[in-house]
Each structure stands twice: as C-alpha cells, then as structure tokens.
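Structure record follows, encoded as structure tokens.
The values are calculated or read from the model by the stated rules, or taken from the named source; none is laboratory data. Just so it is clear, the structure is predicted and the values come from calculations on it, not from any experiment. Positions of Cβ are generated from backbone atoms using ideal geometry, with glycine treated the same way; all protein chains shown enter the neighbour counts. Keep in mind that these areas ignore ligands, DNA and RNA; they rest on the heavy atoms of the full protein, side chains included. Shrake-Rupley method; radii C 1.70, N 1.55, O 1.52, S 1.80 Å.
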Amino acid sequence: MIFAKRATSAFFIIAGAATCGSALAQTSQSDKNDIVWSASGGGWRAMVAQSAYAQVFSKLGILGGDDDTMPQIKVMDGTSGSSWFTAQFAFSQNYFNAVVNGNATSLGQFTKAWMDAYATTQSNIPPTCGILQELCDMGNSSGAALSMIAELLPLALYYNNSWPEIVHAMYNATSNMVYDDPNMLSVKASSSEKLADLSGVDVCFHTSLLPNARAFDADTITYLAKDYTNVSSSYTVPLPYDYCIGDTDEEWLPSSWPGGNVYNLNKNASFTNSNVVKGFPMFPPKETDGLYVTPEHDKDSDEAIVSLSPAEMSPPFANDPTAVQISVASSSTVGYISEEVASYFAQYFSIQEYGIQHSSSLTEVQKVEMKTVVNKLQDVLWSTGLLANAATMSGWTEPNPDTMPPATESNYWFTDGGYTDGPCAAQSIARYQQKYGTSTPIKLIISNQNYYTNNNNNILDYFNYSGNEGKEPGEFIWPEGVEAGPQTNPQMSKQIFGEAMTAEELNTLFAPMSGTNLTMAVLPVATTVDNEPFGVKAGQQVSIAVINLNSNIPTFVVSESVIQAATPGLVSLAESIASSQDLSDQIAAFVGIASTTSAPKPTPDSPPTTATGQTVDSTTSPPSSSPSNSANVVGSHMPSMLSWGGLLLVLPLFV
C-alpha cells in the first residue's frame, strides 16, 4: 500500500507570546507567536505520536502554514524515535503528505502499513547464533527472558551487531513499500532538500557526542578535551549537539568541535585491568566528580601522545550527512554497550554493578558471581570489538552503512540525544535565540514520551530542583532518568530556567485529555538563564506547556513478534491523538488561536495489546505519577534488561 503524505510530531513547542498563568494561556489574535517544537525520544511510540501531533498542528495552521497573521513554528527539534519522524517528515514529500493531508483514520492506516513494512526487515532471519548457539538453544526451550535472547541474537548477528544497519533497513523497507520514496535513503539533510512546505521552519536533530573512543584496528584511544593542548581538560560526559537545517543553511550547534589527545593502548590488557577509564566518574557519583579529568589511559603502553586540533579531527559525516545518518546518530539508544566508547561503556556497567551490590534478592555469593559475569562481559567486548556499532561513528559517509570504514583516531562517536537532553528543549531554545534573539517572550510546549510513566524528571531537569541543588547550569550532574533508577551516564546540567520547581508542584498541574492517554500541564512563565554548553542565553521569558504521552506501549520495538504485538496499540495511539478535539482546543488556546473541529475518533475493532499481552486502553488517561527515586540494576533512559543491552550480561558464560 502506497500512501501520499503530510505530518506533525510530539515535540516541545516554543511559541513567543504574552505572559500566561497556570491555566491555559489565552492570547489575543493580534499576538503573533513564534513557536519552537521540541520532542523527547521514545522509540516507535514517539515516532508515531509525532506524526499524530503533526497532523493536529498542521490543521491548526501553526506548522508549515503560510498565514503571516498566525503563530508559526520556527524551530522543530527531536531526538531518538522523534528524529525518525523528523527525517521522513522534513525530507520526504510523500511521507509529509500522508501525515498532514489525511485524517485520524488514514493516519492509523498509514501507521499500520509502516509497521508492517518495518516488520519485514526482521522476518525470515536465519535462526543462527554463531558462537552463542548454545545460549539460543536454551532460549528456545526456556522462559520468556531467554526466549527473547534466542530471537534477538540472530537479528543482531544478521545486521552485523550494527544499529546503523538495523535503522537503515527500516527506512529502506518503509520508504519503498509504504510511501514510495526511493530517495529517502540518500537524501541529504540540507536546506536544498528540506521540503518547501516547511519554509521558515528550522529542522533540528539532537544527538550526544561521546567524550572518548577507541580506534580498534589502530589500538588507540582518543580523549576529547575542552582545550586539546591541556590533557587535564578531557571531558568525562557526553556533549550536547544539534544539527539544524534552515531555509538557506545547515549547521551544528554548537558550531565548534573539540580536539583531543590520542594514546596508544596495550593490546594485551583487559578492559577491567587497564587504566583506560581510571579517574573517570562512575556510579554512584562522588562530590569530587566533575566535567574534566586527566586520563591515565594505560600505564603499560607506550605513553606517547598525539594531540589533534579541532581542524585535524574528521568532520562528522564529511559535513554532509543524509537525513538517515543524522537520525541514526540521534537514536543510538544502546550506544552504551559499544565497547569503543570507553568511559560511557564503563559508566553504564558501573550502574549494573551498583545494582547487583545493593540487590536484596541476591546472596553474597551470587553477587560475586554476577559481578564476575559483568566484568567478563566487558573484557570480552573490549577484546573482540563485537558491539562497536551500537554507537554511531562519524566516519560513515556513504548512504549505506555496509560501506562504513573502520574508525580512526580522528573520528567522533555519537549516541542517543536523550543522554544529554531527553526532550531536547535546551538546544531548541538555543537555536531560536541564535536566529531571533532573546527579547521576544516565547511559549514552550513539551511533548514528553520517553516512557509511559515517571517522565517528569525530564522536565524538572530544566528548573532549579533537588536533583541539581548546588550545581550551576552546565555543571557535572548524574541525574535521575525516566522510569526508575539513575540516568545511564553523567551529564552536563541542562537547567535553563532560574525558577524552582518540585516534583509535587509539577505533578499537580497535569490533567487528562479526554479520549486519549495524554495528560497536559501549563506551567508558570519561566525565565532562561545562561547555560553555555547548551548555548542558552539568559533573560528570555518562556511560557511552558507539557504534554505527557502515557500509553503503555514498548519503547524498544525490535524483533518480528514484538513489532506485530505492538502495532495495534501504535495504530490506536495515532488515531486517538489525531482525532482529539481536546488536544486541538488546548493547543489552540495556548498559542492564542481559534481551534478547528477534528475528525471523529475511530473505534478499533478490538483492544490493542502490548508486546507482553497487556490490553492497552488508549482512551483513558492514567493518573500522573511522581518520579521514582529508587535505583535499580538498569539505568533509566534505555530499553529493559530484557532487551539488546541488558541480555548481554549472560553472554560471557557462553563465549
């Protein structure tokens, strides 16, 4: 089935407007509001929700409209699953038309066709697991956890353990089978290729630049530094980066790149017995942890250092990325299991070790055994380079990742943008300020969909709250994530507002939207503060609306059976959002325009279910929940332990 197109997404929206209070803002028709739209990740759930929001916003006339008297979106930004939506919506006319020109029913049909096409990329996978065949055989005759291993391992091997190859195959199938765009795989993320329908809209992709990486073949490691001539300024955390495409330009934000220092490694040293990440902050964080460290690399190796200036580093994707490449960089959600990105890799595993050590269900003997397994896994991956491409390497320059060359010392590595800013509001505002300044009040609508509950830590991070107490904006922090437990890695504080906010205050502002699994809150007007790493400048007034997506649909929809089980819920999700009159009315009121009448809500033939068989009620909004403060073995902006990353904890037993 081939669809025509048009779209919208679940993003943060920033709209320049008059001051609003805690109720829905009503601005006069004469107030012309600039809007910035920024979205969190959330995998396929986020991508589908984005398309439904896009349809609503387009019908309201605020997205891609040509009425100069109407408020218009000036910047749209997304990360992870939202970036998949953005790549297709902004660079494929057929996808755009299918989303925007239809109604809720047609969007549901389009979503079904898209997911069915995606499922074909994971069907008929040879059931072979290579050296891990014993583990797969166990999974085929065991319970759910090992059964998932038996399904995921052949898939990973089929795609060479490469996230770029999996996502590239997804785009290939859907663009050819559903919306008939043979150029989708090669279209450049450039101003000349951005759709004319989005004239006046800057389209941004948020990603995270990793602070150090190994070049496996050369057996070297490059530590990026704030000042490459000073090794003690080597970064300990990922750096936030946006790639933005305007009507006449495309550029990275920030526009400058770090240089680094290259160390030789000891080919015979195991990861856990080396000094590669010695001195880097691990979980739990300490008072002495900070943004910079002097790497000790490996004392047993040749300690000769080669310093690379920013000009000597290789420009990401040869400074000419395709829409697919930049969205893959934005969505490398399991990048923490890439052994090439040493400190990030170690920080993830430090959370696993902490969870094991503090588990109430394991005996002391079991704790020792589990820690041994974790350490062995790190050493196996380090010695083999097996999961290098779980993260995205910037030396990928040709459209097809099959041609990706080995990494060199001068390459950068990227992971999911959610690991520096979940809803990417900070750099969305920064991009707006870069083009339009800070003098005009703006409105920020946050579409927050990374997890179906406990999402509000994503929002609290922008304010002065208990989680960043005593920290300046941009300073070192190890925040709580969505769901339960800590973020998988430390970050630069993304506080961009001077006002204080508590979880309780935020939660009480949310109210359900009828007919959907959405809740929405309008926050008091806030004022930006300087946050240099994110590029935000002080003094801009921002009115804020947050839309939380609460549908209990998996974020990590990988393997044919999981895709098939999740698809009905995703179809219902698209239809319920796109047909929501309540959503249309509240957004219209917030940005100060008249609403439109939405199409009647489609009624599914049967209740959708999740991948675990739970019935999904897409029409009832669950009560808002407070962010959890409990730590568990799993970091929080990541798939479950029963997914690609976590399941690998058992692999060393079979290698």
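Can you tell me which of 410, 332, 383 is out of contact with any Pro (no Cβ under 9 Å at 6 or more places or on another chain), of a type in the set (Gly, Ala, Ser) and not in a helix (DSSP H, G or I)?
Working: 332 fails: out of contact with any Pro (no Cβ under 9 Å at 6 or more places or on another chain); 383 fails: not in a helix (DSSP H, G or I).
On inspection, the qualifying residue turns out to be 410.
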- [ ] Enumerate the pairs (first residue in the stretch 377-390 and over 17 Å from residue 157 (Cα atoms); second residue anywhere and open to solvent by 30 Å² or more (accessible area, probe 1.4 Å)) with beta-carbon separation below 8 Å, excluding pairs fewer than 6 apart on the same chain, so at least 6 apart or on different chains.
- [x] 378/272; 379/270; 379/272; 382/270; 383/270
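Going by what's in this entry, would residue 306 be described as at pLDDT below 95, among the aliphatic types (A, V, I, L, M), surrounded by fewer than 19 Cβ atoms within 10 Å (Cβ to Cβ) and more than 30 Å from residue 231 (Cβ to Cβ)? Spell out how you get there, then give the answer.
Details: at pLDDT below 95: yes; among the aliphatic types (A, V, I, L, M): yes; surrounded by fewer than 19 Cβ atoms within 10 Å (Cβ to Cβ): yes; more than 30 Å from residue 231 (Cβ to Cβ): no.
Criteria not met by residue 306.
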Task: The lone exception for residue 226 - which of (1) surrounded by fewer than 22 Cβ atoms within 10 Å (Cβ to Cβ); (2) out of contact with any Leu (no Cβ under 9 Å at 6 or more places or on another chain); (3) closer than 18 Å to residue 259 by Cα it fails - done: (2)
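Select from the stretch 414-456 the residues that are of a type in the set (Gly, Ala, Ser) and surrounded by 24 or more Cβ atoms within 10 Å (Cβ to Cβ) and write down the one among them that is nearest to residue 389 (Cα to Cα).
Within the stretch 414-456, the first condition is being of a type in the set (Gly, Ala, Ser), and the residues that meet it are 417-418, 422, 425-426, 428, 430, 437, 439, 447.
Those left that are additionally surrounded by 24 or more Cβ atoms within 10 Å (Cβ to Cβ): 417-418, 422, 425-426, 428, 430, 447.
Working: 417: 16, 418: 18, 422: 22, 425: 27, 426: 28, 428: 28, 430: 30, 447: 29 Å.
By that ranking, first place goes to 417.
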Open item on the list: Please determine whether any residue of the stretch 34-56 is of a type in the set (S, T, N, Q) and without any contact (Cβ under 8 Å) to a residue 12 or more places away in the chain.
Closed with: no
- [ ] For the stretch 199-222, state whether one or more residues are open to solvent by 60 Å² or more (accessible area, probe 1.4 Å), within 26 Å of the chain's Cα centre (by Cα) and charged (D, E, K, R).
- [x] no
TODO: Select, from 402, 320, the only residue that is within 25 Å of the chain's Cα centre (by Cα), surrounded by fewer than 24 Cβ atoms within 10 Å (Cβ to Cβ), modelled with pLDDT under 95 and of a type outside the set (A, V, I, L, M, F, W, C).
DONE: 402
Task: Criterion (of a type in the set (Gly, Ala, Ser), modelled with pLDDT of 95 or more and touching a helix residue (DSSP H, G or I) at 6+ places or on another chain (Cβ under 6 Å)) met by exactly one of 246, 259 - done: 259
Open item on the list: For residue 181, only one of the following conditions fails: (1) within 30 Å of residue 124 (Cα to Cα); (2) under 19 Å from the mean Cα position of the chain (by Cα); (3) not hydrophobic (A, V, I, L, M, F, W, C). What is its number?
Closed with: (2)
Open item on the list: When you scan the stretch 308-319, do you find a residue that is over 22 Å from residue 491 (Cα atoms), of a type in the set (Gly, Ala, Ser) and assigned to a loop (DSSP other than H, G, I, E, B), even just one?
Closed with: yes
- [ ] Could you tell me which numbered condition residue 505 fails, if it satisfies all but one of (1) touching a residue at least 40 places away in the same chain (Cβ under 8 Å); (2) within 24 Å of residue 583 (Cα to Cα)?
- [x] (1)
Open item on the list: For the stretch 479-502, give me each residue that is open to solvent by 30 Å² or more (accessible area, probe 1.4 Å) and either touching a residue at least 60 places away in the same chain (Cβ under 8 Å) or not polar (S, T, N, Q) (or both).
Closed with: 480, 483, 498, 499, 500
Open item on the list: Taking the condition of being in contact with a helix residue (DSSP H, G or I) (Cβ under 7 Å, 6 or more places away or on another chain) and hydroxyl-bearing (Ser, Thr, Tyr), how many residues in the stretch 262-285 meet it?
Closed with: 2
Open item on the list: Checking residue 396 against (1) at pLDDT 95 or above; (2) more than 30 Å from residue 173 (Cα to Cα); (3) among the hydrophobic types (A, V, I, L, M, F, W, C), only one condition comes out false. Which one?
Closed with: (2)
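Within the stretch 515-549, which residues are part of a loop (DSSP other than H, G, I, E, B) and either at pLDDT 95 or above or open to solvent by less than 20 Å² (accessible area, probe 1.4 Å) (or both)?
Restricting attention to the stretch 515-549, the residues satisfying the condition of being part of a loop (DSSP other than H, G, I, E, B) are 515-517, 529-530, 535, 537-540.
Selection gives 516, 517, 529, 530, 535, 537, 538, 539, 540.
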TODO: Would you point out which residue out of 251, 287 is out of contact with any strand residue (DSSP E or B) (no Cβ under 7 Å at 6 or more places or on another chain) and open to solvent by 50 Å² or more (accessible area, probe 1.4 Å)?
DONE: 287
